[in-house]
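Values in this text are rule-based calculations from the coordinates and carry no lab data. Predicted model only: the values in this text are computed from it and were never measured. Cβ coordinates were reconstructed from backbone atoms using ideal geometry, including for glycine residues, and neighbour counts include every protein chain displayed.
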Amino acid sequence: MNLPYAPSRIEAVEREVPVNKALLLGLYRQMLAIRRIEEASAKAYAQGKIGGFLHLGIGQEAVCVGAVGALRPEDYVVATYREHGHAYAKGMTARSILAELYGKKTGCSKGLGGSMHLFDAEKNFLGGYGIVGGHVPLAAGVAYKCKYLGEKRVTLCFFGDGAANIGGFFEGVALAALWKLPIVFICENNLYSMGTPLYRSLSVEDVSMKALAFGIARDRFDGEDVLRVRARLAEAVERARETCEPTLIEVRTYRFRGHSMSDPGQYRTKDEVEEWKKRDPLSIARRRLVEEADADEGELRQIELGVKAELEDAIRFADESPPADEYLPFTIKE
């Protein structure tokens, strides 16, 4: 099939990661919960319960779950505006996420931030940022703090392919390379910057090659297998923790929906989207559990029922919570 962006098999796919049943069951549950949270968010947005912007990462779940799965609880994550999955993978609850999307006082940012500004300092999830590329220097600053204080903490900084041409990206990576900071930069390349395809925005398709300009390690691979993502990220995380050497990684992925809820995605053909759906990370994880780990339908059904109960509780909690205060929860002293 001749598609503009047909699924490709780039360099590291041959390095198949063996299945650890207990590990993959946990990762699968996280991805399923994220998928259901975002599907419920799309429905709530259509019902007028969620306002403002809403950027869904349906189809990209293996990247955030696999990457965060390589961290320790004390490590930091800084993400973009498409960060619902990253927040959940880092330990934030479905309740706090949905309540925030609903603009409720019980949300993680007291209902004042919304979809693009999820934040939980206790979980070391430091945002959700709406300015494309603007968060990369902030993540470098977090990593600098960790090195300055002698902490064995690693920072993951997620960004999209659209940020790879932004000045803030180059500044953040340059400082990380110069000061040898314990950080891993992860480009979630879903092939479109909003509606702009790669060939119209990048002169070199391989984003990881930008690492060559800074003399830092790089990696690049397909991101539909959560175990592969976790294993490859674990290498970079270990490098950052032990030697304070940063890494730039490009993970090729795909979002099944538009850039945001207001985007019908007409710049992509139906055939292209359907071809990518054959590499749905949830379907791949479920199939590997059955075929390689001897997981039975009863085990998987229990996971699905658990996720359903968690989601129903979170929706009820968000519906019943009080709205955000109309004033900022602090006073400005003159």
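With a threshold of 26 Å on the Cα-Cα distance, the over-threshold entries among Lys104/Lys308; Lys147/Lys210; Lys123/Lys277; Lys43/Lys90; Lys123/Lys308 are Lys123/Lys277. The protection proxy used here, the mean number of other Cβ atoms lying within 10 Å of each residue, ranks peptides 219-229, 140-150, 292-302 as follows, highest first: 219-229, 140-150, 292-302. Working ranking of peptides 279-285, 19-25 by packing, defined as the average number of other Cβ atoms within 10 Å per residue, highest first, is 279-285, 19-25.
One quarter of the surface of the convex hull around the alpha-carbon atoms of the chain equals 18.1 nm², the direction-averaged projected area. Shown for the chain are the DSSP H helices of 20 Å or more along their axis, judged by Cα atoms, with a mean Kyte-Doolittle hydropathy of at least 0.0: 21-46. Spatially, region 136-193 and region 244-306 are offset by 25 Å when compared through their Cα centroids. Among Ala231, Ala87, Ala79, the largest mean-square fluctuation in a Gaussian network model of the chain (Cα springs under 10 Å) belongs to Ala231.
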